[in-house]
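A short write-up of the structure that comes next.
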Amino acid sequence: MQVYLNGNYVDREHASIPVDDRGFIFGDGVYEVTRALRGHLFEGERHFRRLGRGLRGLGITVPAELEQLGEISECLLRTNGLTKGEALVYLQITRGAAPRTHQYPPAGTPPTVYLSVGPFTPPHELRAAGARAITIPDVRWSRCDLKTVNLLPNVMGKQRAVEAGVTEAIFVRDSAVTEGSSTNIFGVVGGELRTYPACNYILGGITRDVVLELAAENNVPVRTTPIFVHELGGVDELFLTSTTNDVMPVVEVDGHPIGGGTPGPITRRLYEAFARRLDRVGG
Ligand code: PDD
């Protein structure tokens, strides 16, 4: 496999970064995971806009190739023979390599830019059955809107989910469901779609944005207000969204069934609308 590292396309086994890269030392960087179909990115522009916002938010030097990241991604997909089915593009930019100091390194320190691609199979079987989840306290910081590689609470949350034999861990802050360890969460309450508002306590997911557009197109009323934990037992439907899950029904939380314990009709409708958007990529 070929990857892209700091201006060069190189074999994955020959790609290396200095041990004092601030991504390694401090988790000082941002990342994106983007879906590709038939060699083309799904919502690439939105991913790159979010990336640019993250770089500016953290004061990381915007790399020269920011405008070319779409082309670089698609070049990697071609080089690695991933132009037929589905694939994922991983992209990470760190503040670069410099002797360890907490403050930012000297101006002019070049950021580290890394992209890789791999084949992807959407979780259709899980979608048909519906996923199960647990709730955990949201112990993260107050800038969850920045997609940084500092993912320890997310990593630990997902591990708890795996150990509990379920798919996702759902964060709860001040009694409100914020989002999953790597997903956004939606509920259907009284025919209305509810999800945590886009703010500093969640990552504004690209899939979330698309689902909100699809809800409007499909006349599903939306209220961007939190679902509270005590409401979970009474929601009609629950689903999670992300680049790797699309729209994924959740049929059980903390051992209690959601709705009828099977994927609900609004979730299914929104997934079908989402799948039609995916079908249009590269068409
Ligand atoms: N995660 N919330 C969190 C905390 C996430 O990490 C993600 C994505 C999302 C959904 O965002 P999007 O729809 O743009 O994928 C929400 C990626 C997929 C990951 O870390 O692998």
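Consider the stretch 49-60 and keep the residues that are within 12 Å of the ligand (Cβ to nearest atom) and open to solvent by 10 Å² or more (accessible area, probe 1.4 Å). The one that is nearest to the chain's Cα centre (by Cα) is ARG50. Going by the structure shown, is ARG78 in contact (Cβ under 8 Å) with a residue 24 or more places away in the chain, within 21 Å of GLY7 (Cα to Cα), open to solvent by 90 Å² or more (accessible area, probe 1.4 Å) and among the charged types (D, E, K, R)? The answer is yes for ARG78. Within the stretch 259-278, being free of Cβ contacts under 8 Å to residues at least 40 places away in the same chain and not small (Gly, Ala, Ser) holds for PRO265, ARG268, GLU272, ARG276. Filtering the stretch 267-283 for residues that are more than 16 Å from the ligand (Cβ to nearest atom), assigned to a loop (DSSP other than H, G, I, E, B), among the small types (Gly, Ala, Ser) and modelled with pLDDT under 95 leaves a non-empty set. Screening the stretch 6-36 for residues that are closer than 17 Å to ILE60 by Cβ and in contact with a His (Cβ under 9 Å, 6 or more places away or on another chain) and picking the one that is least open to solvent (accessible area, probe 1.4 Å) gives GLU32.
Given the residues GLU217, GLU231, which is the only one that is away from the ligand (no atom under 12 Å from the Cβ), of a type in the set (D, E, K, R) and closer than 19 Å to ARG132 by Cα? Reasoning before the result, please.
Values: GLU217 fails: closer than 19 Å to ARG132 by Cα.
Matching residue, one of GLU217, GLU231: GLU231.
Are any of the residues in the stretch 248-257 away from the ligand (no atom under 15 Å from the Cβ), free of Cβ contacts under 8 Å to residues at least 60 places away in the same chain and not in a strand (DSSP E or B)? It would help to see each step written out before you state the result.
Of the residues in the stretch 248-257, the ones away from the ligand (no atom under 15 Å from the Cβ) are 249, 251-257.
Filter once more, so that each one left must be free of Cβ contacts under 8 Å to residues at least 60 places away in the same chain: 255-257.
With not in a strand (DSSP E or B) added as a condition, the list becomes 255.
For the stretch 248-257, residues away from the ligand (no atom under 15 Å from the Cβ), free of Cβ contacts under 8 Å to residues at least 60 places away in the same chain and not in a strand (DSSP E or B): present.
Counting residues that are under 20 Å from ARG143 (Cα atoms) and of a type in the set (A, V, I, L, M, F, W, C), which strands (runs of 3 or more DSSP E) fully inside the stretch 1-77 reach at least 1?
Details: elements: 2-5, 8-11, 29-37.
Where strands (runs of 3 or more DSSP E) fall fully within the stretch 1-77 and carry at least 1 residues being under 20 Å from ARG143 (Cα atoms) and of a type in the set (A, V, I, L, M, F, W, C), they are 29-37.
I'd like to check something: does the stretch 198-213 contain any residue that is assigned to a strand (DSSP E or B) and either within 14 Å of the ligand (Cβ to nearest atom) or crowded, with 21+ Cβ neighbours inside 10 Å (or both)? No, the conditions are met nowhere in the stretch 198-213.
Conditions first: (1) open to solvent by 30 Å² or more (accessible area, probe 1.4 Å); (2) over 25 Å from CYS144 (Cα atoms). GLY39 passes all but one, so which condition is the exception? Failing condition for GLY39: (1).
Keeping to the stretch 187-206, report how many residues are on the phi > 0 side of the Ramachandran plot and at pLDDT 95 or above. Write out each step before concluding.
Initially, the stretch 187-206 is screened for residues on the phi > 0 side of the Ramachandran plot, giving 190-191.
From what is left, the residues that are at pLDDT 95 or above are none.
Number satisfying all stated conditions: 0.
Answer yes if at least one residue in the stretch 87-99 is farther than 21 Å from THR241 by Cα, within 13 Å of the ligand (Cβ to nearest atom) and in contact with a helix residue (DSSP H, G or I) (Cβ under 9 Å, 6 or more places away or on another chain), and no otherwise. The answer is yes, given that some residue of the stretch 87-99 is farther than 21 Å from THR241 by Cα, within 13 Å of the ligand (Cβ to nearest atom) and in contact with a helix residue (DSSP H, G or I) (Cβ under 9 Å, 6 or more places away or on another chain).
The values are calculated or read from the model by the stated rules, or taken from the named source; none is laboratory data. Just so we're clear, the structure is a prediction, and the values are computed from it rather than from any experiment. As a convention, Cβ positions derive from the backbone with ideal geometry for all residues, glycine included, and neighbour counts pool all protein chains shown. The accessibility values were calculated without ligands, DNA or RNA, using every heavy atom of the protein model including side chains. Shrake-Rupley method; radii C 1.70, N 1.55, O 1.52, S 1.80 Å.
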